[in-house]
Amino acid sequence: MEAHEIFEHDVLIIGAGGAGLRAAIEASSTGLKVGLVCKSMLGKAHTVMAEGGIAAALANVDERDNWKVHFSDTMRGGHYINNWRMAQIHAKEAPDRVRELEAWGAVFDRTKDGRILQRNFGGHKYPRLAHVGDRTGLEMIRTLQDHGIHQGIDVHMEVTVVHLLKDGDRISGAVAYDRERGRFRVFHAKAVVLATGGIGRAFRITSNSWEYTGDGHALAYNAGADLIDMEFIQFHPTGMIWPPSVRGILVTEGVRGEGGILLNNKGERFLFGNIPDNYKAQTAADAEEGWRYVLGDKDAHRPPELLTRDHVARCIVQEIKEGRGSPHGGVFLDIAWIKEKLGNAEEHIKRKLPSMYHQFKQLAGLDITREPMEVGPTTHYVMGGVLVEADTQMSTVPGLFACGECGAGINGANRLGGNSLSDLLVLGQRAGQYAAKFAKDKGDTRVDEEEIDAAKREALAPFDRPVPDAGNAYQIQYELQDAMQDLVGIVRNGEEMERALVKIGELKEKAQKVGAVGNREYNPGWHTVLDLGNLLTVSEAVARSALERKESRGAQFRVDYPEKSEEWGKYNVTVRRGPDGSMQINRIPILEMPAELREIITQMG
Amino acid sequence: MAKTKFKIWRGNEKGGELEEYSTETSEGMVVLDAVHQIQAESANDLACRWNCKAGKCGSCSAEVNGMPKLMCMTRLDELPLEEGVTIEPIKTFPIIKDLVTDISWNYRAKQKIKPFKPRPPDNEDGSWTFYQEDIDRVQEFRKCIECFLCQNVCHVLREHHLEDEFIGPSALVYTAALEMHPLDTEDRLEDLKNANGIGYCNITKCCTQVCPEHITITDNAIIPLKERVVDRYYDPVARIWSKLTRRS
Ligand SMILES: Cc1cc2nc3c(=O)[nH]c(=O)nc-3n(C[C@H](O)[C@H](O)[C@H](O)COP(=O)(O)OP(=O)(O)OC[C@H]3O[C@@H](n4cnc5c(N)ncnc54)[C@H](O)[C@@H]3O)c2cc1C
Ligand code: SF4
Ligand code: SF4
Ligand code: FES
């Protein structure tokens, strides 16, 4: 086997989005040697695309807000199967993490009295999202990146990890290849943090980039860690649908936060007719009250467009199915209507939603200050991920940590908008801190040369296999995306998911046989073959977990089990690789919430 | 649906040439869609960078019919399709493969700039008080998605390759964001004048013309920075004044 380059780090962080960067900054602040690896260039991770904002109970706009309200909103949004401890930590620590960004140079939009401005978002009782127009993710990743590059972190850009190494039970490093030359790098580490983001490329219509192939999920699974909540995929209600080539690109919830309304082809605000019971008390009675809420009237309740994403997405699907959709199979999202209410509406929209304005103008030839947009649901976020301890973010494999979108627990059955960016910061910081502590406490590890060789051989195998005329790696990926979209999508049933599993099985076999053309230098065809293995693993985990959960809750809606079940509210579904390599599904009971937290939830109504 | 011809530069640091492909194009498609389609159909190993497909990450910079563009924001129906569409890598930086270039120099240039250094917090909770009008300008600069299209067209880099002397327009935009940040207390003027070479910019404004984020690079960032440097180093009254005020 050819030689590889070796890198020694105390803590290795895989992923340079918000979570990975925050973890790296924290770990390196303890004086340890930290390596940071990412598939793309620095600053290009998914976090850069986030638009709407970061949720934190700063109470700058509404002084009634505090961590308790944020905690209870998060639990309600997650249908109470979230890890309550994580939700508590998150709500408590998010304000400090946001202020810290300001100390590192972030420039958030301001309130009139010179503080960080906060905006309304779905499922948040008060205006809570710190933001910069609709490019909050850019502000966040750039701040972390610019701060991080002066901390002495070793950054490995365009390097993809394909395998995690173990020393007995404990994690000891990773095997990766560099995209530029296709050469191997082996990382020795005392602790490893996964921060690889999501799995959205498993679906056809998605707001996610090529990077979102569930690598971290699959790496952890293959290393013996448990995954949890994999049945919960967030379909964001508003993705672009026209023209076809932009299908899936996100339209931020910020549009609705600024007063945008959803209409069917009869011009009706259909969400008013469809408000779930447990949100009735918090939702506006009519359009007039909804608008007052947008303007900041503290006595008004939020408009139904700001109900949680799972619900809004399903209502949109229903409108379309029942023939009240827009010409290209979506519904209308109208922000231009606020002209009736605001003198300077056009300028206001351009200032608060500049990239949405630009995106529609450029890609759809549509002026959102004048016309309604056409939108429909798009795959957006995975609530499920690596099972970790709430306080430390360590997985079931000693020394392996996970945070950000590839970690799980905080969101339960549905994530509230804005809670991801804050979770990246809060739990990323903790993952970095505890990974550093673990590395210091536990000391050196060994790596196994044979394990390394095997990983390298597997990564190179596609070059020895033929590339079929029909059915190359890209086409297998499309087939998988179609199957997941059609059979394990927003509306699910058991029989279809069984079919999806059969299909996944077939595609796995095809994927084992498919080869790559060309050489090892920057070869996306080869990379796609390797990513495919991960996508298939996570797709299977999603389908199996969804089949296991025989109820409808949050992001999972099953026509064969349309009701929420009290019994299922007591469990999370976990996924583990069995000794024979097959995927095993289990349930773990949800720990009982302490009385004081239960009390908070009751109080908040 | 119609077939459109594309000429895409294929090769590596040793050399390469335009290769012809043809693929179905439909309403609303952008250049990046066509590249992806060609990659999936007939050139599996065609190298290109992208992430967001919505003009937000600055990964997909290329020269489309000779114009520096983000491929994901360039619609095919804006281009004359009859003659075919030519797609080449950006020219200023070393080629890695096909449409992918080695842009790492830009990261090193940025690292030379002294980081943000805020004044002590104004409030007990560690926060500061400042107003929207104090940051409108800074927010313009912070829109930068680091696509490096401006670096690509700046003749100081593209023709004269003064990479060791001049950090280029995008890094100047970043410097301006720091210098005009209401909380920042760092002094970067000496670096700007010497190590970072602001004097090499002769205000041709080519950078501003290609910026996909419509940042007014020259007028709003570079010229005010130049003025600050001039005030400090070339204006004796200003120099004495700044010495006096700094001491007090
Ligand atoms: C369009 C859009 C808008 C959004 N808006 C919001 C919002 O307003 N508010 C909010 O809270 N959330 C929002 N989200 C969700 C949020 O942006 C993401 O959940 C979050 O950014 C994920 O961050 P992360 O750090 O976990 O991962 P990412 O930022 O995705 O980073 C993942 C990193 O892992 C690396 N990586 C992956 N696999 C490997 C591998 N095998 N080897 C090496 N490196 C690897 C990648 O290169 C990348 O650096 C939005 C998401 C999208 C898509
Ligand atoms: S204005 Fe200055 S920085 Fe911009 S392209 Fe011209 S010389 Fe380069
Ligand atoms: S200033 Fe504009 S052109 Fe230059 S890197 Fe930033 S976004 Fe790109
Ligand atoms: S892919 Fe992100 S800017 Fe083009």
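Points to keep in mind about this one:
- Out of A:T206, A:T238, one residue alone is open to solvent by less than 10 Å² (accessible area, probe 1.4 Å) and either within 14 Å of another protein chain (Cβ to nearest Cβ) or of a type in the set (D, E, K, R) (or both). It is A:T238.
- Criterion violated by B:D102 - all others in (1) touching a residue at least 12 places away in the same chain (Cβ under 8 Å); (2) under 27 Å from A:L138 (Cα atoms); (3) more than 15 Å from ligand 4 (Cβ to nearest atom) satisfied: (1)
- Of all residue pairs spaced 6 or more apart or on separate chains, those with beta-carbon atoms under 7 Å, a first member in the range A:118-138 that is within 14 Å of another protein chain (Cβ to nearest Cβ) and a second member that is assigned to a loop (DSSP other than H, G, I, E, B) and of a type in the set (S, T, N, Q) are A:Q118/A:N60; A:D134/A:T252.
- There is no residue in the range B:90-109 that is away from chain A (no Cβ under 14 Å), within 23 Å of B:A43 (Cα to Cα) and either surrounded by 22 or more Cβ atoms within 10 Å (Cβ to Cβ) or out of contact with any helix residue (DSSP H, G or I) (no Cβ under 8 Å at 6 or more places or on another chain) (or both).
- Residue match in the range A:121-134 (condition: aromatic (F, W, Y) and either in a loop (DSSP other than H, G, I, E, B) or under 26 Å from A:D96 (Cα atoms) (or both)): yes
- Top-ranked residue of the range A:222-235 - restricted to ones that are part of a loop (DSSP other than H, G, I, E, B) and among the aliphatic types (A, V, I, L, M), ranked as surrounded by the fewest Cβ atoms within 10 Å (Cβ to Cβ): A:A223
- Only one of the numbered conditions (1) within 11 Å of another protein chain (Cβ to nearest Cβ); (2) crowded, with 22+ Cβ neighbours inside 10 Å; (3) in a loop (DSSP other than H, G, I, E, B) is not met by B:C72, and that is (3).
- Across the range B:129-163, the qualifying residues are those that are acidic (D, E) and over 26 Å from B:C52 (Cα atoms), and the one among them that is nearest to ligand 3 (Cβ to nearest atom) is B:E163.
- If the condition is being away from every other protein chain (no Cβ under 14 Å) and touching a helix residue (DSSP H, G or I) at 6+ places or on another chain (Cβ under 8 Å), then the range A:458-470 contributes only A:A459.
- Condition met for B:A54 (over 19 Å from A:R179 (Cα atoms) and within 14 Å of chain A (Cβ to nearest Cβ)): yes
- Residue check, B:F130 within 9 Å of chain A (Cβ to nearest Cβ) and either aliphatic (A, V, I, L, M) or over 17 Å from B:G58 (Cα atoms) (or both): yes
- The residue of the range A:206-221 that is nearest to A:G20 (Cα to Cα), among those that are at pLDDT 95 or above and part of a loop (DSSP other than H, G, I, E, B), is A:G214.
- All positions within the range B:153-196 that are among the small types (G, A, S), more than 10 Å from ligand 2 (Cβ to nearest atom) and away from chain A (no Cβ under 14 Å): B:A195
- B:V31 vs. criteria open to solvent by less than 10 Å² (accessible area, probe 1.4 Å) and either at positive phi or more than 16 Å from ligand 3 (Cβ to nearest atom) (or both): yes
- Pairs with Cβ under 7 Å, 6+ apart, first in the range B:1-20 and farther than 12 Å from B:V35 by Cα, second polar (S, T, N, Q) and open to solvent by 50 Å² or more (accessible area, probe 1.4 Å): B:K3/B:S22
For (1) among the acidic types (D, E); (2) more than 16 Å from ligand 4 (Cβ to nearest atom); (3) not assigned by TED's automatic domain parsing to the domain that holds B:C211, each residue gets a yes or a no:
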position	(1), (2), (3)
B:G11	no, yes, yes
B:K14	no, yes, yes
B:L18	no, yes, yes
B:E24	yes, yes, yes
B:G28	no, no, yes
B:W50	no, no, yes
B:L70	no, no, yes
B:P89	no, no, yes
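- Among the residues of the range B:110-127, those identified as open to solvent by less than 40 Å² (accessible area, probe 1.4 Å), facing chain A (nearest Cβ under 7 Å) and out of contact with any strand residue (DSSP E or B) (no Cβ under 7 Å at 6 or more places or on another chain) are B:G126, B:S127.
For every residue, the table says whether it meets (1) open to solvent by 50 Å² or more (accessible area, probe 1.4 Å); (2) within 14 Å of another protein chain (Cβ to nearest Cβ).
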position: A:V447; (1), (2): no, no
position: A:N472; (1), (2): no, yes
position: A:Q485; (1), (2): no, no
position: A:R492; (1), (2): no, no
position: A:M497; (1), (2): no, no
position: A:L507; (1), (2): no, no
position: A:R520; (1), (2): yes, yes
position: A:P524; (1), (2): no, yes
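- Selected residue (criterion: farthest from the other protein chains (Cβ to nearest Cβ)) from residues of the range B:199-209 that are in a helix (DSSP H, G or I) and within 9 Å of ligand 2 (Cβ to nearest atom): B:Y200
The values are calculated or read from the model by the stated rules, or taken from the named source; none is laboratory data. These numbers were taken from a predicted model, which means no experiment stands behind them. So basically every Cβ, Gly included, is an ideal-geometry build from the backbone, and we count neighbours across all protein chains shown. The accessibility values were calculated without ligands, DNA or RNA, using every heavy atom of the protein model including side chains. Shrake-Rupley method; radii C 1.70, N 1.55, O 1.52, S 1.80 Å.
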